[in-house]
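Right, one structure below, let's go through it.
The values are calculated or read from the model by the stated rules, or taken from the named source; none is laboratory data. Since this is a predicted model, take the numbers as computed values, not measurements. Because the Cβ atoms are built from the backbone with ideal geometry, glycine has one as well, and the counts that use them run over all protein chains shown. Quick note on the areas: whole protein, heavy atoms, side chains included, nothing else; ligands and nucleic acids left out. Shrake-Rupley method; radii C 1.70, N 1.55, O 1.52, S 1.80 Å.
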Amino acid sequence: MSHSVLPRNQLGDLQGRMSQPFVPQVHGMQTISFVTSFKCGGFAIGISTSHTTFDGLSFKTFLDNIASIASKKPLVVMPCHDRHLLAARSPPCVTFPHPEMLKLSDLPTCPDSNIFEASTEQLDFKVFKLTSNDITKLKEEAKNSSTSGGTSTTCVTGFNVITAHIWRCKALSCEDDNPNRSSTILYAVDIRSRLNPPLPKSYAGNAVLTAYATTKCKELEELPFMKLVEMVREGATRMTNEYARSIIDWGETNKGCPNGEVLVSSWWRLGFEEVEYPWGKPKYCCPVVYHRKDIILLFPPIDGGGGVSIIVALPPKEMEKFYGLFNKFLTLD
């Protein structure tokens, strides 16, 4: 535990500001927490954990159970810890190509080649905000640009349009402005209900895999927005039971990691801020800022509502281009 001489209201805007003072480092430990108390009587809890221990949904269950124990009540959910449910088949059987994965032996030698590695570059950090009206406008842009002649637009969800919007901004702000360069976006998909049989809803562990969409940069700039949204949707639709099992078997056979230009990780609707502790709900929950330029985080705005906040970290010149594109595409009619 540590103590701050400042009251919480003197710390300023919490969005994207949480960093080392509030969050412990994990060295050989799966989960560790750290409490910082403030002069006003409030406190912050920083939790660092391994993704092999929790994904977002199971971490929400973990917090619900902590809150219940703190209230001297039974566990809200009895977690299922059977990791054999996600074991590779014997023998492994890779039935699909997996361009979204890269063997560790094939990783480029430059230090910034892996999206999960901390960048050695100077990075600017910025929190972009989309209001509920902005999200509605992106949905309308997608529907109005549809060339399907009345085909269902069920793929036009908040997550899909936000991810497509981020994708085109990130790809077109890259230092390599070759229009024929391929850009691949990755995003997490919960596979609990996609497996046959499904995983228990109480499964406690990492039950997300990375879906992907890929196209050339010139298409990201020129194609109707609806086509980009459809590509994002297709990535999630691709994640069937057999495809998920094939990825798991690929990992057992090849020992690799997800491979793409950018990964979108969504905390947007996980509900961490809704956990009811004995002392009440959190004032705010957010991820820490970390030095990785190719992972973009979505999370709820601090003032609630139907919008979303987006943490982006990029080199200064790329951030300037990203900022311009982010606003340019929002103002297109």
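Worth a mention:
- Full extension of the chain between GLU222 and GLN30 yields a length gain of 64.6 nm, computed as 0.36 nm times the residue separation minus the alpha carbon distance.
- Those aspartates and glutamates that a straight Cα-Cα span of less than 19 Å connects to LYS321, excepting residues fewer than 8 apart in one chain: GLU121, ASP124, GLU175, ASP176, ASP177, GLU219, GLU221, GLU222, GLU261, ASP294
- Contact order relative to length of segment 167-272, as percent, for alpha carbon pairs under 8 angstrom and 6 or more apart: 38 percent
- The alpha carbons of the chain give a radius of gyration and a Dmax of 20.7, 62 Å, in that order.
- Backbone N within segment 198-220 under 16 Å of label point (7 Å from MET78 Cα along the Cβ vector): 200-204
- Normalising the average separation of contacting C-alpha pairs (under 8 angstrom, six or more residues apart) by the number of residues puts the relative contact order of the chain at 27 percent.
- Two numbers describe the Cα atoms of segment 53-207: Rg and Dmax, which are 20.7, 60 Å.
- When the solvent-accessible area of segment 231-333 is split by element, carbon and sulfur atoms take up 52 percent of it, the probe being 1.4 Å.
- Global form of segment 178-249, assessed from the alpha-carbon gyration tensor, a/c cut-off 1.5: prolate
- Nitroxide proxy distance, nm - points 7 Å out along Cα→Cβ at CYS93 and HIS51: 2.8 nm
- Cα-based shape type of segment 187-310, given that a ≥ b ≥ c are square roots of the gyration tensor eigenvalues and the cut on a/c is 1.5: oblate
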